[in-house]
Amino acid sequence: MGAPVINAAEFAAFALVFFRVSIVVFLAPILGGSNVVTQAKAALCLVLTFVIAPQVEYSAEMMPMTWFGFAFIGLGELFIGLSLAFMVKLVLDAANVAGEYMSFQMGLSMLNSMDPASGTQVPLLAFAVNLLMTLIFLYANGHYLVIKALADSFQVAPPGLLNIWRPEMMTEVVHGVAGMYILALKIAAPVIAVLFCVKAAFGIVAKAVPQMNILFVGLPVYIIVGFAVMGLAMPWWPQLLGRALLAVDQTLGRILTYLAPVGP
């Protein structure tokens with residue numbers, strides 16, 4: 001029995017599928033985190049490519065046969081991968097923003113910690129909120145949402161075609177970024193509202209008792225009340241994240257319909 005013969009078009013299609021899969025895996029939340037070793041991410045890319053590639057329908061005539069053509073078509077694959085990974089990443093970025101909101105209100109903004117996922121210094125409370133939301137994200141199978149959108153993208157926009165930009169795509173990006181801040185505000189709203197009332201009460205006390213050091217007395221109260229309210233609000237976080245994931249799923253579906261492939 002001879003070895004299987006792979007023609008140039010099949011190899012080009014496989015390479016384009018692998019390129020799109022790699023973009024999504026290396027940039028998606030959790031899957032592409034810096035705390036995941038590169039070898040594991042590369043292995044996941046190969047496994048997903050071998051699973052998805054046989055199901056992808058493509059035109060052999062549209063496969064690029066030159067380096068310039070491959071780079072040209074690769075721009076479309078890069079665009080699709082960035083779009084899918086970015087929209088899902090916004091959900092977990094909302095946890096960081098909410099944590100920064102609460103850290104500022106509780107006076108813990110200067111207490112920073114190294115985030116292994118991004119490699120940057122973030123407020124310790126923001127890191128803790130992001131860790132909790134990441135666990136909820138995994139429990140809600142949010143990582144499957146990324147893989148599902150990736151597989152569906154090959155049905156709408158098969159490799160070998162250049163996908164042009166549509167104005168609707170920018171609208172979805174703007175709505176996604178706005179949704180990130182709205183979700184962050186919903187997460188941090190109980191802490192912000194209660195601490196606002198506490199600070200207003202201390203302002204009245206400062207007027208009534210001028211000799212009291214409000215900064216010295218108020219900071220421990222802000223921290224205790226903030227953590228207490230955050231603990232009471234945690235049972236609602238899975239519901240907020242679940243609704244956000246449903247919204248992202250619908251957004252990804254719309255983005256896939258906006259992909260209009262045309263020949264190079």
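The values are calculated or read from the model by the stated rules, or taken from the named source; none is laboratory data. Keep in mind it's a predicted model, so treat the numbers as computed, not measured. All Cβ positions, even for glycine, are placed from backbone atoms using ideal geometry, and neighbour counts span all protein chains on display.
Here are a few things to note about the model shown:
- Residue pairs meeting the criteria (Cβ under 7 Å; at least 6 apart or on separate chains; first farther than 16 Å from Val17 by Cβ and without any contact (Cβ under 8 Å) to a residue 60 or more places away in the chain, in segment 144-155; second among the β-branched types (Val, Ile, Thr) and in a helix (DSSP H, G or I)): none
- Single condition Gly218 does not satisfy, out of (1) within 27 Å of the chain's Cα centre (by Cα); (2) buried (at least 18 other Cβ atoms within 10 Å of the Cβ): (1)
- Residue among Val177, Val146 that is at pLDDT below 85 and part of a helix (DSSP H, G or I): Val146
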